[in-house]
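Quick notes on the structure that follows.
The values are calculated or read from the model by the stated rules, or taken from the named source; none is laboratory data. All of these numbers come straight from a predicted model, not from anything done at the bench. Please note: Cβ atoms are built from the backbone with ideal geometry, for glycine as well, and neighbour counts cover all protein chains shown. We work out accessible area using only protein heavy atoms, side chains counted, and drop any ligands, DNA or RNA first. Shrake-Rupley method; radii C 1.70, N 1.55, O 1.52, S 1.80 Å.
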Amino acid sequence: SQQGEEDPQALSIQEGENATMNCSYKTSINNLQWYRQNSGRGLVHLILIRSNEREKHSGRLRVTLDTSKKSSSLLITASRAADTASYFCATDGEETSGSRLTFGEGTQLTVNP
Amino acid sequence: DAGITQSPRYKITETGRQVTLMCHQTWSHSYMFWYRQDLGHGLRLIYYSAAADITDKGEVPDGYVVSRSKTENFPLTLESATRSQTSVYFCASTAYPGGAYEQYFGPGTRLTVT
């Protein structure tokens, strides 16, 4: 079963706008990661947030984590056409062991020029 | 080539045939993973390996076999392919245990079973 569920499933915005994607999970976690997947490619790691962190930034990316609500959000500011991709959250924790990650279904982001 | 590579990139096979997908990484990462991604969905873990000769089942292992005789290689075999195994297969690796470390993904193998 999928630990993470992204919302929305699809998002279409104009270049320059901000994009927010949400991830909810079911059980306690140690870490949550976000990945990007361009069409026809493998996943690329974007950012990791630990369970004792609330917010993290990396360039135009901002990730928040609310462990009480078991949810995370990924904000991409000043979006570009090149940000068009699918975005996945991945969690570790009670349902996993070792280095296993459980991935959500993903949000398909389209940034229109 | 440095990094993680998969071969073949595309494969069409018939129901009942055995197929082996190859994965090779040059970083000497201990941990390697096989995922499948069905159209419009996330990744599901098939098998993973913590080191050479150590493998374990993931979420959807039925119909698949793995081996890991060398640290850098992690082949995935479909013993008797079925149409339901049509999917894109991704191999990944990471150096350290625990979810605090990113996984590095290969480019994927698109497998069609007719």
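Quick rundown of the values:
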| quantity | calculated |
| --- | --- |
| Relative contact order of the range B:33-114, defined on C-alpha pairs under 8 angstrom at six or more residues apart (%) | 26 percent |
| Accessible solvent surface per residue of the protein assembly as shown, calculated while the other protein chains remain in place, 1.4 angstrom probe, Å² | 47 Å² |
| Dipole moment magnitude, nearest 20 debye, chain A about Cα centre, only Lys, Arg, Asp, Glu C-beta charged | 260 debye |
| ³J(HN,Hα) computed for each position of the range B:20-37 - Karplus, 6.51 cos²θ - 1.76 cosθ + 1.60, integer Hz, glycine/proline x | 10, 9, 9, 9, 9, 10, 9, 8, 6, 5, 6, 9, 9, 9, 10, 10, 10, 10 |
| 5 angstrom amide H check on A:E15, placed H, neighbours 5+ away | A:N112 |
| Overall Cα dimensions of chain B - principal axes, largest extent first, Å | 38, 30, 28 |
| Packing-based order for B:26-39, B:77-90, using average beta carbon neighbours within 10 Å, highest first | B:26-39, B:77-90 |
| At q = 0.13, 0.15, 0.22 Å⁻¹, base-10 log of I(q)/I(0) for chain A (Debye sum, equal scatterers on each alpha carbon) | -0.44, -0.58, -1.21 |
| Positive-end residue of B:P97, B:T20, B:G58, charge dipole of chain B with Cβ unit charges | B:T20 |
| Leading residue at positive end of dipole, the protein assembly as shown (Cβ point charges), from A:A19, B:Q37, A:T107 | B:Q37 |
| Chain pair B, A: total accessible area buried, heavy atoms, 1.4 Å probe, Å² | 1800 Å² |
| Size of electric dipole in chain B: Cβ of Lys, Arg +1 and of Asp, Glu -1, about Cα centre, debye, nearest 20 | 260 debye |
| 10 Å Cβ neighbours from other chains, averaged over peptide A:42-55 | 3 |
| Carbon and sulfur %, accessible surface of the range B:1-96 computed with the full protein complex present, 1.4 Å | 47 percent |
| For the protein assembly as shown, convex hull of alpha carbons as volume per residue, Å³ | 118 Å³ |
| Modelled FRET efficiency - R0 35 Å, A:S51 with B:T114, Cβ distances, 0.05 increments | 0.20 |
